Amino acid sequence: MPQVTKTNEEFDVVKYFLQLLDDDKDMSSGIAAIKTLLMILEKKQFGTIHILHTTMREAVAAMRNTDLSIAAIVSAGELFCRFITLSLDDKHMEECRQIMLNRGKIFLTKLLNSRQVISQQAQRFISDGCRILTHSRSRVVLQALIAASQNKKTFHVFVTQGGIGSPGEEMVQELQAADIDCTLILDAATGYVMESVDFVMVGAEAVVESGGIINRIGSYTMGLCAREMKKPFYVLSESFKFSRLYPLNQRDLSNEYKYSRKHLNDVSKVHPLVDYTPPAYITLLFTDLGILTPSAVSDELIKLYM
C-alpha cells in the first residue's frame, strides 16, 4: 500500500489513488477509490458531517479527472459515503468518525470478497466441454474461468481483442498460463463465432438502473448477436458497480463515461471506449448480491441506497 503523510495538506488524493492501481494491476478502480476515501477518513479531521461530505465529493471529483473509466469510481464513491454515514444523528463528531471508519473497513472487506462470491455462483453454469465467448479482459470473468478450471472442468474460451490496446491479448495470456484452452479472435468475428458457442460471459464497468450495462466498446454488438442466435448472455459484476444512471440509448450516455478526459473537448473524431447494452439483451447478472435478472437490479439499487 502507498505511504501517506500524516498532515491533511500533503495528502494527494489522485497520487494515492493511481499508486494503488499501479501497485496492484488486478485492483478495480472502484476498490481503489474506496481505499482512497477510507484513507482520507482515517488521516483527516472533520468538524461536521457536512464538511466530510464535501471533502469526499471533492476527492471523488479529483479521481474522476484521471484518464480512467469513471463509472466504477462514481458508483463506488456514492455507495461508500452512503454506507458510512447512515444513522449518525446526535453523536459527537469524533465518535461519528470512528463509527464511519469501522463501517468503511467492513464495507471494503465485503467488497474485496465479491469476486470470489461471483466466481462461485458462475461455476454451475460452466460445464465440461462447453464453449464460451467473452469480450476483452475482465478480472471477474477471468477469476470465474480459472476457478472452473481448478474444479477439473475442461472448456474452450473465445476472447475478442477488445478494441483499442487489445486487452483481449492479455486475457488470453492469463488463460493460457492457467492451462485453459482459448482462442483470440477479432472483434469483427463475433457473429461468426457466436453460432458455435454455448453462451457469452462478460464483465461490466457499470450496471445501470434498468439492468443494462456499460462495458468495453463492442459489448452491445455481442449482445445483439447473442440474442439473434438465442445464446445466453451472462454478466459478472460486483455490486459497487451498480450505478444510479438510466440511459435509454448510446447517445443518452454522458460523454464523460464514453471518452477519456483528454478528448472531451472534441469527441467528433475519437473512438468511444464503452457502449451501453440494454437489459433486453442480458440473460442474467452474477453479482455478490446473488444471481439477478435485469429487472431485479432496480430493486437492489433501492436497497443499497436506502
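The values are calculated or read from the model by the stated rules, or taken from the named source; none is laboratory data. Fair warning: this is a prediction, and the values are worked out from it, not measured in the lab. Glycine gets a Cβ as well: all are built from the backbone with ideal geometry, and neighbour counts include every protein chain shown. Just the protein is used for accessible areas: all its heavy atoms, side chains included, with ligands, DNA and RNA removed. Shrake-Rupley method; radii C 1.70, N 1.55, O 1.52, S 1.80 Å.
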XL table 110/153; 25/110; 35/241; Cα-Cα > 24 Å flagged, in table order, is 110/153
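Taking only the Cα atoms of the stretch 113-229, how large is their convex hull per residue, in Å³?
105 Å³
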May I ask for the Kirkwood hydrodynamic radius of the stretch 27-182, worked out over all distinct Cα pairs and given in angstroms to one decimal? 17.9 Å
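On a 31 Å Cα-Cα criterion, which of the cross-link pairs 230/269; 105/262; 152/258; 152/230 come out too long?
Over 31 Å apart, Cα to Cα: 230/269; 105/262; 152/258.
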Pairs of Cα atoms under 8 Å, at least six residues apart: use those to get the relative contact order of the chain, whole percent. 17 percent
Using unit Cβ charges (K, R positive; D, E negative) and no other charged atoms, how large, in debye to the nearest 20, is the dipole of the chain about its Cα centre? 280 debye
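Find me the longest stretch of the chain that has none of the exposed GluC sites (Glu not before Pro), where exposed means in a DSSP loop (not H, G, I, E or B) with at most 14 other Cβ atoms within 10 Å.
11-194
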In a Gaussian network model over the chain where Cα atoms closer than 10 Å are linked, find which of 212, 162, 191 has the largest mean-square fluctuation. 191
Please compute the Kirkwood hydrodynamic radius over the chain, one decimal place, Å, based on all pairs of different Cα atoms. 20.2 Å
If you average the C-alpha positions of the stretch 236-250 and of the stretch 31-61 separately, how far apart do those two centres end up, in angstrom? 23 Å
Could you tell me the center-to-center distance, by alpha carbons, between the stretch 197-214 and the stretch 255-275 in angstrom? 21 Å
How long are the three semi-axes of the equivalent ellipsoid of the stretch 13-114, in whole Å, if each is the root of 5 times an eigenvalue of the C-alpha gyration tensor, listed from largest down? 23, 14, 11
Note down the nm distance, to one decimal, between modelled labels 7 Å out along Cα→Cβ at residue 53 and at residue 195. 5.7 nm
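So with the 1.4 Å probe, I'd like the accessible area per residue for the chain, rounded to whole Å².
For the chain, the per-residue accessible area is 47 Å².
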